[in-house]
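The values are calculated or read from the model by the stated rules, or taken from the named source; none is laboratory data. What you are looking at is a predicted structure, and each value in this text was computed from that prediction instead of being measured. Cβ coordinates were reconstructed from backbone atoms using ideal geometry, including for glycine residues, and neighbour counts include every protein chain displayed.
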Amino acid sequence: MNSPRIAIVGAGISGICMAVALQRAGFTDFTIYEKGADYGGTWRDNSYPGLVCDVPSRYYQFRFAMNPEWTHLYSAGPEIRQYLVGVAREHGLHRSTRFDTEVTGAVFDGSAWQVTTSEGGTREFDFVLCATGFLHHPNRPDIPGLDEFGGTVMHSARWQHDVELTGKRVGVIGTGSTGTQLVSALAGKVPRVVMFQRTPQWILPTVNRAYSPVSKRLYQAIPALGQLPYLFNRAAFAVFSQGLVHPGRVRRLIQWVVERNLRSVKDPELRRKLTPDYQAMCKRLVVSDRFYQVVQRPDVALVTEGIDRIEKDAVVTADGQRHELDIIVLATGFDSHAFMRPMAITGTGGRTLDQAWAEGPRAFEGVMMPDFPNLFMLVGPHSPFANHPLTAVAEAQSSRIVGWLRRWQAGEFATIAPTGAATDRFNARMRAAAPSTVWTTGCQSWYLGKDGLPELWPWTPGAYEKLIRSTPDPVDYDLRQRVAIGK
Ligand code: NAP
């Protein structure tokens, strides 16, 4: 039977998931292009001290590769990376992966994709599957004097492990999940930590614990047992997600919990500084077992005055105070709207991705775009991102893509893209649902697009999985046979 030639761009969570799904469906003619030197994506790039996934390990994993070896309820970054590398190796993906090879461009020539890489060559594929993630271009803030700082400046996602921390005064700019994890980990290990906060965050309390050797042995003996905590967590996250997308009891309960948590900060002035003026979950909720403890330490300072400039040895805030430092860590997030850019992608009629996304990233059901036939995205625009495991999203989307590949193989079509009308309808429905979500209740966040509306799925992740695993409605698609292409 005709086997499609497939390019997967990216070897992080969704690229690995997609490749395994292809293998399991019998599609073997695929090449994974990875610009980095190893598997893991965000879990390869991020290696800062204190990196822990705030989704429980037994849920933040693929259902086809349940790991009995998790050491903690919430696993540390290196353990997750090791898991992902392990899944890739176990499935022999290295035979199909080209590391250190960046896809620089992809042009649809009317019947196939011409894919260009940093190696200089061009190869033809029937399908391009973009598994590039969305939190991979570090946001370097435009702060005057940053380049003149005499010590070390590093972004959290580009941790320089050769920089000695002992005896150093460290400044952390940013109070998102990364900033709070970093400050929690550095406090007590360096003589002084200064956290520069532009906007306070609500913090959901949690407790991390190590799994006992007995429970580990049990999961090793009966791997299928892993399905139970997976399903339990899925149910718990389903309840949580109600609070994200509907005003009501769950949202109020979470607000109550985070407000109570904040009361653990004893100094009223510090508590005032840490109190957000927006609802919990409006920004991505930060989950921490120790941030409020740590921020009360005498060797940790919370600076809420805006940063005016950076000098050779200090950050200077608007009130004229100099905060002398040896290291500045930029925990300032990512350009979350880039997705597969800067890849230069050109679809039918010479339409470029930048043109298609002039008003912001748009996709049909998070996986496809009109005018870009046979191009699929994993964890693309409008996927359910918020505090939800991307492993689950990638598994659901992979199954949808495999479904289309089977239909291609059966000769139902040569090229497929959603229609512009279906994409407009989908986007209009999303926009209409946005006001019910917590993300539009009055805060700035990376979830919001140019128009101030959230760019992520505004319903529950469960509803997304149901949709993406259902049979696609033919009216939404433009399916063409080869003879019709270009006419
Ligand atoms: P982020 O949530 O985008 O936070 C960036 C922080 O930097 C914010 O506090 C922001 O302030 C601040 N900032 C940006 N530019 C600044 C400037 N010029 N001056 C001062 N402050 C500035 O980034 P992140 O913490 O790296 O997290 C990004 C995402 O990664 C998370 O939302 C999450 O999805 C993921 N993540 C997950 C985990 C996990 O445990 N699963 C851990 C880390 C990260 P404002 O709020 O005022 O904009």
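Looking at the structure I just gave you, is Pro56 over 30 Å from Ile327 (Cβ atoms), part of a loop (DSSP other than H, G, I, E, B) and at pLDDT 95 or above?
Considered against the rule, which asks whether it is over 30 Å from Ile327 (Cβ atoms), part of a loop (DSSP other than H, G, I, E, B) and at pLDDT 95 or above, Pro56 comes out as yes.
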Can you list residue pairs whose Cβ atoms sit under 9 Å apart, with the first residue in the range 314-325 being in a loop (DSSP other than H, G, I, E, B) and the second being modelled with pLDDT under 95 and loosely packed, with under 13 Cβ neighbours inside 10 Å? Count only pairs 6 or more apart in sequence or on different chains.
none
Of all residues in the range 257-271, which are acidic (Asp, Glu) and surrounded by 12 or more Cβ atoms within 10 Å (Cβ to Cβ)?
Glu259
Within the set of pairs 6+ apart or on separate chains, which have a first residue in the range 441-454 that is basic (Lys, Arg), a second that is surrounded by fewer than 18 Cβ atoms within 10 Å (Cβ to Cβ), and C-beta atoms under 9 Å apart?
Lys450/His337; Lys450/Glu359; Lys450/Gly360
Could you check Gln293 against (1) closer than 28 Å to Pro389 by Cα; (2) within 15 Å of the ligand (Cβ to nearest atom) and say which number it fails?
(2)
Exclusive hit being more than 18 Å from the chain's Cα centre (by Cα), at pLDDT below 95, more than 16 Å from the ligand (Cβ to nearest atom) and of a type outside the set (A, V, I, L, M, F, W, C), set Glu359, Glu324:
Glu359
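Condition check ((1) among the aliphatic types (A, V, I, L, M); (2) crowded, with 16+ Cβ neighbours inside 10 Å) across all residues:
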position	(1), (2)
Leu93	yes, yes
Glu102	no, yes
Leu129	yes, yes
His137	no, yes
Arg140	no, no
Leu146	yes, yes
Gln160	no, no
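Would you be able to say whether some residue in the range 352-370 is part of a strand (DSSP E or B) and without any contact (Cβ under 8 Å) to a residue 40 or more places away in the chain?
Step one: filter the range 352-370 for residues part of a strand (DSSP E or B), giving 352, 364, 368.
Okay, now just the ones that are also without any contact (Cβ under 8 Å) to a residue 40 or more places away in the chain, so 352.
Yes, the conditions are met somewhere in the range 352-370.
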Yes or no: the range 50-60 includes at least one residue that is within 16 Å of the ligand (Cβ to nearest atom), crowded, with 17+ Cβ neighbours inside 10 Å and basic (Lys, Arg).
yes
Of Leu73, Leu84, which residue is on the phi < 0 side of the Ramachandran plot, touching a Pro at 6+ places or on another chain (Cβ under 6 Å) and within 16 Å of the ligand (Cβ to nearest atom)?
Leu73
Subset of the range 388-410 (residues that are within 16 Å of the ligand (Cβ to nearest atom) and in contact with a Phe, Trp or Tyr (Cβ under 7 Å, 6 or more places away or on another chain))
His388, Pro389, Thr391
Filter the range 177-200 for residues that are surrounded by fewer than 24 Cβ atoms within 10 Å (Cβ to Cβ) and farther than 15 Å from Gly50 by Cβ; which is farthest from the ligand (Cβ to nearest atom)?
Pro191
Which condition breaks for Pro247 when tested against (1) over 26 Å from Gln197 (Cβ atoms); (2) in contact with a helix residue (DSSP H, G or I) (Cβ under 6 Å, 6 or more places away or on another chain)?
(2)
Just the residues that are in contact with a Phe, Trp or Tyr (Cβ under 9 Å, 6 or more places away or on another chain) and either away from the ligand (no atom under 13 Å from the Cβ) or part of a strand (DSSP E or B) (or both), please, taken from the range 328-337.
Ile328, Val329, Phe334
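Counting residues that are under 26 Å from the mean Cα position of the chain (by Cα), which strands (runs of 3 or more DSSP E) fully inside the range 101-155 reach at least 3? If you could, list the steps in order and put the result at the bottom.
Details: elements: 103-108, 113-117, 122-125, 127-130, 152-155.
Ranges flagged: 103-108, 113-117, 127-130, 152-155.
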